[in-house]
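Take a look at the structure set out below.
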Amino acid sequence: MPQLPPQARALLKSVFGYDDFRPGQAEIIEAVLAGAPVLAIMPTGSGKSMCYQLPAILDGGLTVVVSPLIALMRDQVRQMRAFGVPSATLNSMNSPTENDAARQAIQAGDLRLLFVSPERLAMASLIAELRRAGVRRLAIDEAHCVSEWGHDFRPEYREIGRAAAALGGVQAIGLTATADQATRADIARRLFQTSPQIFLHSFDRPNIALHFAAKDQPRRQLARFLDKHRGSSGIVYCSSRKRTDELAASFAEQGHAAVAYHAGLDQALRSRNQDRFLQEDGVVAVATIAFGMGINKPDVRFVAHADMPSSVESYYQEIGRAGRDGLPADTLTLYGLDDMAFRRRQIDQKDVSDERRRIEHDRFSALAMLCETPSCRRQTLLAYFDEDSAPCGRCDICLGQVSVFDGRVEAQKALSAALRTGQRFGAGYLADLLTGQASEAITRNGHDRLKTFGVGKEHSKQAWGSIIRQLFAARALTSASAEHGGCALTAKGEDILYGRAAIALRRDPLTPRERRVRRASSQPAGLDEANNRILAALKRKRLELARAESVPAFVIFPDRTLIDMAEKRPATLDEMLRIYGVGERKLARYGDAFLEALWGADG
């Protein structure tokens, strides 16, 4: 058991309103307080920020936090100030007055937390100011950005190590939710003067349900998914700005409070949409992957991918934005053969070494296999991070009872069809050929006279589409050309075709149109009607206060706190102090308002 100063738990309760640490936090905080360099890899929602926030409060020194996005810095400052922790940020969106006030606070020794970007930290003038102020430690959030192996590589993060040295070799703390072995080694080499203590905690997020589906009228698939979660906050990720705008408009027409977010929007509109998502309940953000790293909203109840993510790390990071409050959350990832071909072409067209290209193909193959896995999604995901787990019982595979079979014969039929047609036609064409559908194109090309025409009539066209996707995911097939697509055999495909290698395939469960698979609810709590009425009143009060203070709703209180209030119904301020997430500062500031809202609704 980590030996923390006695006041650590007292401050955890009095400032943050928490009765105990989350798993893994205490041992990291102990190492930080001991002055050791620390690299902590902890899943999103596990409370990484507490690992530098509490030490900054405990030892009274200045901690500089490097963060990749201005929006995230500003939110964290507002959140820390709401807890009564002296905090500030220096950034280009601040007014001159705000930046001047921050510098004066640094000089006076009044700050405990200062949030800056890696670009600003590289400025010699700021380094000089911080040295004079006696900065205690440097905390690097989203530390994977320092590594080319990381999924969000930012070249400016490479300068942080030099800045740490220029600050006099201050203690460095690196924090990230996603880093495989190669990325961890790169972070340790680039950020730290000496080898850090590495804390690697479980990647498992058991509160998040994992679901994947092959694209089959994707707009309808997404609409069904959103209908299940109507009234909840969520994110839908898209691969392009155009698709983002189209889907946001479509969801709005269906009655959802949907907003678009991407770099092509006017800055003012983008900020308004982000503020609405943060302040209001039940808003759906339809966004490119630029959205999310700067979002610290704990009550996101679902994340959907309209298009295939770029890697397992990106997928894990993006779904990790759901359920950060520990309450149930849901996910849906749509994928297709076109997605796989597109991602492969992206890798092939990069100006990188052959070794780097091979590694990126291997990483994408891991994602493709996650999409097409015949076994538990959670087991497959955690295995990528070298973590063992039991079947989760909640993902689509566990619920759909997908079976696996020796797929050599089916694979050979599909591979033969690709080879005999010149390795230039796509999955739909090959599925028509295998099922004996004499389309106009097949007849024109004379392919209705091939031996493979109709050789796969025992399966539906949809089933052949699944088999071809699985062969593509297993790298037995590849994209024939960047311009026209199509399926071509790889060396592995040739080995399977000629009997030199085996392959296992899965039988897809029935599609949503054929069978509605029961899924775990993503509702945050199973409250009865009376408690739901109280919760709604508490959320209205929270929204009113958030708008009045121009802060995200969770800065007032997260959903988990409001649910605890609705269930326990405190009648006094002393009882309110026993609610999850209610510390002394927030009790003084908001206690009376929420007691009034609670008992007004109950009456």
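Condition check ((1) surrounded by 21 or more Cβ atoms within 10 Å (Cβ to Cβ); (2) out of contact with any strand residue (DSSP E or B) (no Cβ under 6 Å at 6 or more places or on another chain); (3) in the same structural domain as S466 (by TED's automatic domain parsing)) across all residues:
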| site | (1), (2), (3) |
| --- | --- |
| R276 | no, no, no |
| A285 | yes, no, no |
| F291 | yes, no, no |
| K297 | yes, yes, no |
| V303 | yes, no, no |
| Y315 | yes, yes, no |
| G323 | yes, no, no |
| T331 | yes, no, no |
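Yes/no matrix, rows are residues, columns are (1) surrounded by fewer than 20 Cβ atoms within 10 Å (Cβ to Cβ); (2) aromatic (F, W, Y); (3) under 30 Å from V303 (Cβ atoms); (4) modelled with pLDDT under 95:
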site: C487; (1), (2), (3), (4): no, no, no, yes
site: E529; (1), (2), (3), (4): yes, no, yes, yes
site: A536; (1), (2), (3), (4): yes, no, yes, yes
site: R540; (1), (2), (3), (4): yes, no, yes, yes
site: E544; (1), (2), (3), (4): yes, no, yes, yes
site: Y580; (1), (2), (3), (4): yes, yes, yes, yes
site: E596; (1), (2), (3), (4): yes, no, no, yes
site: G600; (1), (2), (3), (4): yes, no, no, yes
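Okay, residues lined up against (1) outside any helix (DSSP H, G or I); (2) out of contact with any Pro (no Cβ under 8 Å at 6 or more places or on another chain); (3) outside the structural domain of R81 (by TED's automatic domain parsing); (4) closer than 28 Å to A10 by Cα:
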| position | (1), (2), (3), (4) |
| --- | --- |
| R540 | no, yes, yes, no |
| A548 | no, yes, yes, no |
| V551 | yes, yes, yes, yes |
| A566 | no, yes, yes, yes |
| V582 | yes, yes, yes, yes |
| A597 | no, yes, yes, no |
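Testing D406 on (1) within 30 Å of I563 (Cβ to Cβ); (2) touching a residue at least 60 places away in the same chain (Cβ under 8 Å), one condition comes back false. Which one is that?
Here D406 meets the rest and fails (1).
Quick check on this structure: which one of R158, R220, R190, R162 is within 30 Å of I467 (Cβ to Cβ), more than 20 Å from the chain's Cα centre (by Cα) and of a type outside the set (A, V, I, L, M, F, W, C)? If you could, list the steps in order and put the result at the bottom.
Values: R158 fails: within 30 Å of I467 (Cβ to Cβ); R190 fails: within 30 Å of I467 (Cβ to Cβ); R162 fails: within 30 Å of I467 (Cβ to Cβ).
Only one candidate passes the filter, namely R220.
So, in segment 187-208, of the ones that are surrounded by 15 or more Cβ atoms within 10 Å (Cβ to Cβ) and either part of a helix (DSSP H, G or I) or aromatic (F, W, Y) (or both), which residue ends up modelled with the highest pLDDT?
F199
I need a count of the residues in segment 9-29 that are touching a helix residue (DSSP H, G or I) at 6+ places or on another chain (Cβ under 9 Å), within 23 Å of P196 (Cα to Cα) and surrounded by fewer than 19 Cβ atoms within 10 Å (Cβ to Cβ).
Residues meeting the conditions: 1.
Please state which of the following conditions A473 fails to meet, knowing it meets all the rest: (1) modelled with pLDDT of 90 or more; (2) among the small types (G, A, S); (3) under 20 Å from G336 (Cα atoms).
That leaves (1) as the condition not met.
If a residue counts only when it is aliphatic (A, V, I, L, M), which helices (runs of 4 or more DSSP H) contained entirely in segment 83-141 have at least 2 such residues?
Numbers: elements: 96-108, 118-121, 124-133.
Here the list reads 96-108, 124-133.
For D339, state whether it is farther than 25 Å from T490 by Cβ and modelled with pLDDT of 85 or more.
On the way: farther than 25 Å from T490 by Cβ: no; modelled with pLDDT of 85 or more: yes.
No: the conditions fail for D339.
Scan segment 167-178 and give yes if some residue there is over 31 Å from the mean Cα position of the chain (by Cα), farther than 14 Å from L191 by Cβ and either among the small types (G, A, S) or not in a loop (DSSP other than H, G, I, E, B) (or both), otherwise no. So that I can check it myself, show each step before the final result.
Our first condition is that a residue be over 31 Å from the mean Cα position of the chain (by Cα); within segment 167-178, this holds for 167-169.
After this cut, where a residue has to be farther than 14 Å from L191 by Cβ as well, the list is 168.
Narrowing the set further to residues that are either among the small types (G, A, S) or not in a loop (DSSP other than H, G, I, E, B) (or both) leaves 168.
Yes; the residues of segment 167-178 include at least one that is over 31 Å from the mean Cα position of the chain (by Cα), farther than 14 Å from L191 by Cβ and either among the small types (G, A, S) or not in a loop (DSSP other than H, G, I, E, B) (or both).
Taking segment 234-257 as the search range and keeping residues that are in contact with a helix residue (DSSP H, G or I) (Cβ under 7 Å, 6 or more places away or on another chain) and of a type in the set (S, T, N, Q), which one is surrounded by the most Cβ atoms within 10 Å (Cβ to Cβ)?
The extreme case among them is S250.
Output the number of the condition that A260 fails; it satisfies all remaining conditions of (1) outside any helix (DSSP H, G or I); (2) surrounded by fewer than 21 Cβ atoms within 10 Å (Cβ to Cβ).
(2)
Tell me yes or no: at least one residue of segment 356-368 is outside any helix (DSSP H, G or I) and outside the structural domain of A546 (by TED's automatic domain parsing). Can you show your working first?
Our first condition is that a residue be outside any helix (DSSP H, G or I); within segment 356-368, this holds for none.
No, there is no match, as no residue in segment 356-368 is outside any helix (DSSP H, G or I) and outside the structural domain of A546 (by TED's automatic domain parsing).
The values are calculated or read from the model by the stated rules, or taken from the named source; none is laboratory data. Fair warning: this is a prediction, and the values are worked out from it, not measured in the lab. Glycine also receives a Cβ, built like all others from the backbone with ideal geometry; neighbour counts cover every protein chain displayed.
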